[in-house]
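> Mind looking over this structure? Questions follow.
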Amino acid sequence: MSSKSIEEILREGSAGINPSIKPNKKLRDFQADVFIAGSGPIGATYALLLVEAGYKVVMCELGAADSFKATTTEDGSADAFIPGAHKKNEVEYQKDIDRFVNVIKGALSVVSVPVKNVTSDTLDPTSWGAGGDELPVTNGKNPSQEANLNLAAEAVTRGVGGMTTHWTCATPKFNRQGELPRIVSNEQENFDAWEELYEEAMKLIGTTTHAFDKSIRHTLVLRTLQNAFNGTNGKPKLDFGPLPLACHRMPNPDYVYWHGTDVILEKIYTNPELKSRFRLLTNHRCTRVAVSDHHADGTWTIGAAEVKDFLADVSNHEEQHSYVQAKMYVIAAGAVATPQILFNSGFGRKTTTSMTTSMLPTIHNLGTHITEQPMSFCQIVLKTSLLKTIPNNPYNLSWWKEKVDYQKAKHPEDPLKFPFRDGEPQVTKLFTKDKPWHAQIHRDAFSYGAVAETIDTRTIVDFRFFGYVKPEATNRIDFETKYEDGYGMPQPTFTFRMSDDDKTRAHDMMTDMCNVAKELGGWLPGSEPQFMAPGLALHLGGTVRAGLDSKEHVADTNCKVYNFSNLYVGGNGVIPTGYAANPTLTSMGYAIRSARSIINALESAK
């Protein structure tokens with residue numbers, strides 16, 4: 001922790017915080033061993049490992065805690081409400097998954113919206129905007145955004161748990177032949193190090209491949225594809241398997257508990273000793289961090305984080321700020337907000353303050369080399385010939401027969417002859433060197449792809465294929481000083497182009513998806529094969545990339561920002577490689593490695 005007071009840090013021009021801002025004595029300032037911005041699964045991973053090691057943590061979250069898991073403390077003496085639970089655990093959504101589409105839509109805020117051509121020729125000429133030269137600038141509306149360079153569907157979720165309150169829970173590993181980042185230089189040692197981190201991450205988030213083992217639909221889809229693409233019938237050999245998911249079956253096996261950030265935070269909230277070392281500030285914006293010292297070796301030390309309580313009493317419309325002083329600072333606020341906070345701290349550009357000519361540190365690669373996944377999508381209606389095999393128990397499975405017999409007896413009028421609550425398919429084709437894309441073949445809710453109420457959704461299967469793009473310095477996220485987002489931070493602007501090789505891979509991926517889908521059924525009208533809007537995968541990476549070379553990366557492989565002694569970054573933004581698989585498990589692996597590094601540094605400083 002910096003030996004300087006908040007007042008001293010604010011008075012120094014190199015602080016990065018506006019020196020005209022003074023600590024607000026009406027608001028409470030905080031002290032901790034570690035400050036964390038962001039309460040998603042990455043911030044939660046840091047928090048759990050740090051409080052378990054005996055350190056005090058203050059976590060800041062821009063949004064509210066609006067989903068909880070109710071349980072009791074470890075000794076059973078008190079109720080515990082753990083924030084960050086998956087909203088799909090509500091029974092109403094498990095009974096009708098398509099209703100969850102609107103929950104996801106309500107949780108997502110689009111990052112950057114071009115507004116250059118918004119005038120309507122038929123607008124009343126007395127109405128605002130009829131002149132054609134007034135452009136809206138609120139809530140992501142961005143006059144600086146070029147539409148053809150935008151990630152139009154890139155969106156964020158603000159709230160405790162982040163996107164784990166509505167995600168698919170897919171937690172695959174990265175493939176070592178194309179996706180896996182280097183955290184050590186030797187390839188075999190790197191793979192071994194990742195295997196250990198993945199094992200720990202899977203335990204923390206509760207990954208399994210067995211939650212749908214006794215689903216008729218899952219088994220039918222999986223085995224049909226395995227038999228069709230086994231390499232013996234003139235079709236290519238493709239490796240299909242169960243999709244790794246963070247979930248578990250409930251005591252009533254008709255229902256699944258979908259894991260979110262709550263499963264990581266549960267140990268903190270149910271253990272009074274751990275909870276005493278943890279403070280969560282909701283509806284608080286991490287505005288920026290402040291430099292307190294510049295050392296002879298060229299490194300900088302962060303001495304404070306500025307936070308704003310949006311719900312605090314505001315008098316005379318003045319900005320209300322609190323400050324957190326810590327020994328270590330972790331910015332894990334998402335792939336957009338993490339570089340946004342660093343930029344707003346003055347690190348993304350060379351600048352001076354009004355009180356000194358000394359330079360703030362510059363993070364040279366901030367926001368460069370960004371990656372996002374091209375995504376193809378379709379929905380099919382299962383073939384009648386496949387559905388007619390179900391009553392015959394084609395794989396001679398005892399549990400299958402029991403389910404069919406139950407449905408026949410309970411609902412003899414049902415033409416499909418398998419339970420209404422039969423688990424959905426959860427199948428994947430993993431990334432391979434010759435087929436470098438990741439597939440999710442399942443039935444789930446997204447912000448698109450809802451099925452009409454008149455359709456029996458047991459017959460519908462969704463296909464989502466995710467490709468990768470090669471990281472390029474010209475693909476970047478910048479932040480506007482002229483425009484603000486809806487929360488008063490610099491407005492993000494994207495510059496993103498796919499290379500010719502990226503486009504070719506995406507085309508081949510679409511062809512692969514169509515060939516696979518046709519084995520199972522015909523297109524659902526309105527959901528024929530299509531590419532989705534850029535950014536809709538919501539797997540943005542590379543914005544604060546971590547790696548072995550300080551000239552190419554923002555942070556080292558412990559996620560400590562280069563040239564800083566106590567500033568760390570986390571989340572999908574640290575991943576420096578192009579990747580097609582869901583990135584959460586890999587980002588958690590980085591957080592585990594980084595938290596261990598922080599613990600070692602704190603121990604050494606004692």
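> Residue by residue through segment 359-377, note down the ones that are out of contact with any helix residue (DSSP H, G or I) (no Cβ under 6 Å at 6 or more places or on another chain) and outside any loop (DSSP other than H, G, I, E, B).
368, 371, 375, 377
> Within segment 190-202, does at least one residue satisfy the condition of being among the hydrophobic types (A, V, I, L, M, F, W, C) and not in a helix (DSSP H, G or I)? Spell out how you get there, then give the answer.
Filtering segment 190-202 for residues among the hydrophobic types (A, V, I, L, M, F, W, C) gives 191, 193-194, 197, 201-202.
Those still in the list that are not in a helix (DSSP H, G or I) too: none.
No; the residues of segment 190-202 include none that is among the hydrophobic types (A, V, I, L, M, F, W, C) and not in a helix (DSSP H, G or I).
> Related question: Answer with yes or no whether residue 157 is of a type in the set (Ser, Thr, Tyr), under 30 Å from residue 496 (Cα atoms), modelled with pLDDT of 95 or more and in contact with a strand residue (DSSP E or B) (Cβ under 8 Å, 6 or more places away or on another chain). So that I can check it myself, show each step before the final result.
Details: of a type in the set (Ser, Thr, Tyr): yes; under 30 Å from residue 496 (Cα atoms): yes; modelled with pLDDT of 95 or more: yes; in contact with a strand residue (DSSP E or B) (Cβ under 8 Å, 6 or more places away or on another chain): yes.
Yes; evaluated as a whole, the condition is true for this residue.
> Same structure again: What residue, of 229, 212, 240, 174, is out of contact with any Ser or Thr (no Cβ under 9 Å at 6 or more places or on another chain) and hydrophobic (A, V, I, L, M, F, W, C)? Quick ask: steps written out before the conclusion?
Values: 212 fails: out of contact with any Ser or Thr (no Cβ under 9 Å at 6 or more places or on another chain); 240 fails: out of contact with any Ser or Thr (no Cβ under 9 Å at 6 or more places or on another chain); 174 fails: out of contact with any Ser or Thr (no Cβ under 9 Å at 6 or more places or on another chain).
Result of the check over 229, 212, 240, 174: 229.
> Can you name every residue in segment 29-47 that is at pLDDT 95 or above and part of a strand (DSSP E or B)?
Listed by number, the residues that qualify are 34, 35, 36, 37.
> Next question, about the same structure. What's the number of the only condition in (1) on the phi > 0 side of the Ramachandran plot; (2) in a helix (DSSP H, G or I) that residue 129 fails to meet?
The single condition residue 129 does not satisfy is (2).
> Continuing with this model, one more query. When residues of segment 548-606 are filtered for being in contact with a Phe, Trp or Tyr (Cβ under 7 Å, 6 or more places away or on another chain), surrounded by 24 or more Cβ atoms within 10 Å (Cβ to Cβ) and among the polar types (S, T, N, Q), how many remain?
3
> Additional query: From the list 83, 143, which one is under 21 Å from the mean Cα position of the chain (by Cα) and under 30 Å from residue 490 (Cβ atoms)?
83
> Given the criterion surrounded by fewer than 21 Cβ atoms within 10 Å (Cβ to Cβ), closer than 24 Å to residue 385 by Cα, outside the structural domain of residue 342 (by TED's automatic domain parsing) and among the charged types (D, E, K, R), identify the matching residue among 500, 508, 456.
On the way: 500 fails: closer than 24 Å to residue 385 by Cα; 508 fails: closer than 24 Å to residue 385 by Cα.
None of the other options fit; the residue is 456.
> Can you pull out the residues in segment 70-89 that are surrounded by fewer than 21 Cβ atoms within 10 Å (Cβ to Cβ) and not in a loop (DSSP other than H, G, I, E, B)? If you could, list the steps in order and put the result at the bottom.
Going through segment 70-89, the residues surrounded by fewer than 21 Cβ atoms within 10 Å (Cβ to Cβ) turn out to be 70-81, 87, 89.
Matches in segment 70-89: 70, 71, 72, 79, 80, 81, 87, 89.
> Now, a different point. For segment 171-195, give me each residue that is under 30 Å from residue 427 (Cβ atoms), modelled with pLDDT of 95 or more, of a type in the set (S, T, N, Q) and surrounded by fewer than 19 Cβ atoms within 10 Å (Cβ to Cβ).
Listed by number, the residues that qualify are 175, 190.
> Another question, if that's okay. Kindly indicate whether residue 279 is buried (at least 24 other Cβ atoms within 10 Å of the Cβ) and modelled with pLDDT of 90 or more.
Details: buried (at least 24 other Cβ atoms within 10 Å of the Cβ): no; modelled with pLDDT of 90 or more: yes.
Answer is no for this residue.
> Here is a follow-up. How many residues does segment 469-496 contain that are surrounded by fewer than 15 Cβ atoms within 10 Å (Cβ to Cβ) and farther than 16 Å from residue 336 by Cα?
Qualifying residue count for the region: 4.
> Next question, about the same structure. Return the residue satisfying two criteria in turn: it lies in segment 425-446 and is in contact with a His (Cβ under 6 Å, 6 or more places away or on another chain) and not aromatic (Phe, Trp, Tyr), and of such residues it is nearest to residue 470 (Cα to Cα).
First pass over segment 425-446, keeping only residues in contact with a His (Cβ under 6 Å, 6 or more places away or on another chain): 425-426, 431.
This time we only want the ones that are not aromatic (Phe, Trp, Tyr), so: 425-426.
Values: 425: 31, 426: 28 Å.
Out of the qualifying residues, it is 426.
> Sort out which residues of segment 276-314 are farther than 22 Å from residue 62 by Cβ and not small (Gly, Ala, Ser), and write them in order of number.
Listed by number, the residues that qualify are 277, 291, 293, 294, 295, 297, 299, 300, 301.
> Within segment 502-523, does at least one residue satisfy the condition of being touching a Lys or Arg at 6+ places or on another chain (Cβ under 6 Å) and within 19 Å of residue 36 (Cα to Cα)? Don't jump to the end; show me each part of the working.
Narrowing segment 502-523 to residues touching a Lys or Arg at 6+ places or on another chain (Cβ under 6 Å): 521.
From what's left, within 19 Å of residue 36 (Cα to Cα): none.
No, every residue in segment 502-523 fails to be touching a Lys or Arg at 6+ places or on another chain (Cβ under 6 Å) and within 19 Å of residue 36 (Cα to Cα).
> Still on this structure, please answer the following. Please identify the pairs in which a residue from segment 526-550 that is among the basic types (Lys, Arg) has its Cβ atom under 8 Å from the Cβ atom of a residue that is in a loop (DSSP other than H, G, I, E, B), counting only partners at least 6 apart or on another chain.
These pairs meet every condition: 545/365; 545/369; 545/471; 545/552; 545/553; 545/554; 545/575; 545/576.
> I'd like the residue in segment 107-144 that is among the polar types (S, T, N, Q) and in contact with a Ser or Thr (Cβ under 7 Å, 6 or more places away or on another chain) and, out of all such residues, is modelled with the highest pLDDT.
Here is the first cut: in segment 107-144, the ones among the polar types (S, T, N, Q) are 109, 112, 117, 119-120, 122, 126-127, 138-139, 142, 144.
Restricting the remaining residues to those that are in contact with a Ser or Thr (Cβ under 7 Å, 6 or more places away or on another chain) gives 112, 142, 144.
Working: 112: 97, 142: 94, 144: 94.
Within segment 107-144, the match that is modelled with the highest pLDDT is 112.
> Turning to a different aspect of this structure: Which ones in segment 474-526 are more than 15 Å from residue 149 (Cα to Cα) and aliphatic (A, V, I, L, M)?
489, 506, 509, 510, 513, 516, 517, 520, 524
> Another question, then. Does residue 155 satisfy the condition of being in contact (Cβ under 8 Å) with a residue 40 or more places away in the chain and crowded, with 23+ Cβ neighbours inside 10 Å?
Details: in contact (Cβ under 8 Å) with a residue 40 or more places away in the chain: yes; crowded, with 23+ Cβ neighbours inside 10 Å: no.
No, not satisfied.
The values are calculated or read from the model by the stated rules, or taken from the named source; none is laboratory data. Given the structure is predicted, the values throughout are model-derived calculations rather than measurements. Because the Cβ atoms are built from the backbone with ideal geometry, glycine has one as well, and the counts that use them run over all protein chains shown.
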